[in-house]
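Structure, as structure tokens:
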Amino acid sequence: MAIGISGLRGRLVLLVLFAVIPALGVLLFTAFSEIRYEMDRALKDAHRFARYAAEHNNSAMNGTKHLLLGLSKIPQIRDMDAPACEKIFTDLIDVYPSYENILLVDASGSIVCSGRPLTITRIPTNTEWFTKAVSEGSFYFGSYRLGLVTGATEFSLSFPVEDNGAVKSVLSTTFNLSWFRAIAAGSQLPEGTTLTVLDSSGKILAMYPDAGDWIGKSIGRSKAVEMMQNNNDGMFRAIGLDGEKRLFGFTTMTGQGTNLRLMVGIPEKLAMEPVKKVFFYIGVWIVFSTIVLITAWVAGSLFALNKINRLVNVTKELSTGNLSIRTGIRSGRGDLGQLARAFDSMAEALQERDRELEAQTEELERSNEELEQFAYIASHDLQEPLRMISSYTQLLAKRYKDQLDNDANEFINYAVDGANRMQVLINDLLSYSRVGTKGEDFSHVDLNSVLEAVKANLKGVIEETGAVIKYSKLPTVMADNSQMIQLFQNLIGNAVKFRREGVTPEIEITSKKEGNLFRFVVKDNGIGIDKKYLDRIFVIFQRLHTKEEFPGTGIGLAICKKIVERHGGEISVESAEGKGSDFTFTLQGKGRE
């Protein structure tokens, strides 16, 4: 019965979906079509206004050209009547604020008159607008630049005044982009629209609204700048200097000696305003559809879905380790009842097995503690008898040296050597047992400092063998500082000890970050290890050579393994006999590179 009702619920949901999805698809298609239309319209508006502003600039330059031509025909200016021409220039500047200044300069470079007061009486004869007008005898259009005094964008236009074919004087005006802000402020532009004038390198010469400290600075390299450099006009979408997404249209402000780009940017969010109504209707439709779907869903949940959800939640709890969880569903003849019974049986079995594992773990931990305590106590208790055996045997040899034959002296030496070796074994066993019980707290350990300490400890054998130790910058890790010294000292010491005859030992240490781990490799060029012994190289007291060939107790690598495991890592070795060995180990990446 439950499955049948659940199936009915599913069919109801499908019917609703088949009714809702097509309508929702139509609404979304309409919305996205509207977005594309509004975006294209805003781009074209930005491009259209950019062209309008550029034409205004061209008209202003042509008007300036006609102004200078008209001024050159006025008698007071042709006769260089300073008071009269100064009044003419002053009146013109008052009427046309786009002119920074108007000058009349004679052929020698002396300033005859000026529309604004000046602190100089002549101009350098190499001034570009002056020399061009004199040499070419025609209009000269300078390039746009930032004024040193005003900080505004301006350019100079000059025209020679001739008398009988010879240049008598030069008229010059400095024209600024004040019209730019006026036309922007007077136009009915969408709120937040920006107008920007840039040179060919992308440097900002003018900007509306207030550009702050951007005037004179470059907007940097971008696809937008490349597009403007390679095209006279166009449209694009980009992020503005204020970090807001904008729709840009640009065109070229052409003229003699000029090649600027005028760019208009409309906020993208403004283009989206007409689309909001469409999205409102979509939102209403989604809410309505959601209510219908929830109604169908709840109708099914009243019967079977709550049981299925209960089974899903129990599964999640089991995966997190909560083995005491049960479904709480009454077992019945239906499929869900049988499934719930199977879940509860599985959880019970897992919980019983978990209890057994906990008991075994506790027993193993107790056994390890007893073994460590035994090794520690045994090592201490054996130290004193061994010292006594060694001391009295040496005393015996010294006192009765002349009374004993060679065999007796040899036997005494064997006894002393055996006692000494036993003491070394006990000390190594004590070191091994202390790795896990007497370690220091973890702290930030700079492994570069560790390597320097190891090199100092092994200075004698390094100098004796000429060993070369190479390593790049090593990371800082969370570790036991003394155990890190012991780890690297054992590995480097073994590399030096097990060297090939006649070959200078070379040891290279590298590190690499791998997720949450640091992987280290200690590579040497020593005698190597036969592959058949690689599986027992880290076992305590496992020696591959006699003490006459190489001294030691065979416990160093076992200590290395225990140190690495205490730090949450693993250690392994790759080697070939006669070709050296690569010892690789990992440490938990809780430090920093």
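The values are calculated or read from the model by the stated rules, or taken from the named source; none is laboratory data. Quick caveat: nothing in here was measured; it's all calculated off a predicted structure. Methodologically, a virtual Cβ is constructed for each residue, glycine included, from the backbone with ideal geometry; neighbour enumeration extends over all protein chains shown. In case anyone asks, the SASA skips ligands and DNA or RNA and just uses the protein heavy atoms, side chains included. Shrake-Rupley method; radii C 1.70, N 1.55, O 1.52, S 1.80 Å.
Where the Cα atoms of the stretch 443-490 are projected onto their three principal axes, how long is each span, largest first, in whole Å?
34, 20, 13
Let me check I've understood the local charge: for Arg499, count other residues with C-beta under 10 angstrom from its C-beta, Lys and Arg +1, Asp and Glu -1. What total comes out? Numbers along the way, then the final one.
On the way: positive: Lys497, Arg500; negative: Glu501, Glu506, Asp524.
Spelling it out: positives minus negatives among the neighbours equals -1.
Specify whether the C-alpha gyration tensor of the stretch 22-122 places it in the rounded, prolate or oblate class, a ≥ b ≥ c being the square roots of the eigenvalues: rounded for a/c under 1.5, otherwise prolate if a/b is larger than b/c and oblate if not. Walk me through the numbers before you get to the answer.
Values: a/c = 5.60, a/b = 4.53, b/c = 1.24.
In terms of gyration-tensor shape, prolate.
So how exposed is Arg237, as accessible area in Å² (1.4 Å probe, rounded to 10)?
140
If Met346, Met263, Met253 are ordered by their accessible area, calculated over protein heavy atoms with a 1.4 Å probe, which sequence runs from highest to lowest? Please list the in-between numbers first.
Working: Met346 90, Met263 20, Met253 0 Å².
Correct descending sequence by accessible area is Met346, Met263, Met253.
For the stretch 448-536, what are Rg and Dmax over the alpha carbons, in angstrom?
When restricted to Cα atoms, the stretch 448-536 yields Rg and Dmax of 13.8, 41 Å.
For Leu534, Leu396, give the ranking by accessible area with the largest first, probe 1.4 Å.
Leu396, Leu534
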